[in-house]
Amino acid sequence: MPAFERHVFVCHNVRPADAPRPSCTADGTSALHARLQQLARDAGLAGKVRINKSGCLDQCEHGPTVVVYPEAVWYGGVRTEDAEEIVMEHLIGGRPVERLRMADACVNAKECPHVARK
């Protein structure tokens, strides 16, 4: 089997309700992950695009978080209803969805307007 053209990681991390940082998946399930998988399959991307659940991507304040490689495009605040746009525009069309894209200055940053770490 040839290498995947793209690899999509969907944060599936769950934290306790009283944790100081938010969870990307509060209820332990990921409707977002399931929807991305279904849409990719329906679009004929099986074998071309791999969509995986991931552990914590350490972008909790921007969650739910999705990252697409090899482009290293980070998406934040992604909702299940955004999945179709990601599949159609990015995974099929090759154009990242700018409205969902995290600012480069916020990815893996110790300081960002959205990060309230102590």
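The values are calculated or read from the model by the stated rules, or taken from the named source; none is laboratory data. Because the structure is a prediction, the values reported are computed rather than measured. Please note: Cβ atoms are built from the backbone with ideal geometry, for glycine as well, and neighbour counts cover all protein chains shown.
Annotations
- Selection from region 63-74 of residues that are of a type outside the set (A, V, I, L, M), more than 10 Å from the chain's Cα centre (by Cα) and either outside any strand (DSSP E or B) or crowded, with 22+ Cβ neighbours inside 10 Å (or both): 70, 71
- Test: residue in region 22-33 that is surrounded by fewer than 20 Cβ atoms within 10 Å (Cβ to Cβ), in a strand (DSSP E or B) and in contact (Cβ under 8 Å) with a residue 24 or more places away in the chain: no
- One residue alone among 86, 51 is in a strand (DSSP E or B), over 28 Å from residue 20 (Cα atoms) and under 11 Å from the mean Cα position of the chain (by Cα), and that residue is 51.
- Filter result (assigned to a loop (DSSP other than H, G, I, E, B) and either within 14 Å of residue 4 (Cβ to Cβ) or small (Gly, Ala, Ser) (or both)) within region 89-98: 93, 94
- Hey, residue 39 in a loop (DSSP other than H, G, I, E, B) and farther than 23 Å from residue 103 by Cβ or not: no
- Residue match in region 12-19 (condition: in contact with a Cys (Cβ under 8 Å, 6 or more places away or on another chain), part of a strand (DSSP E or B) and either under 15 Å from residue 78 (Cα atoms) or at pLDDT below 95 (or both)): no
- Within region 37-67, the set of residues being closer than 18 Å to residue 13 by Cβ and aliphatic (A, V, I, L, M) comprises 51, 57, 66, 67.
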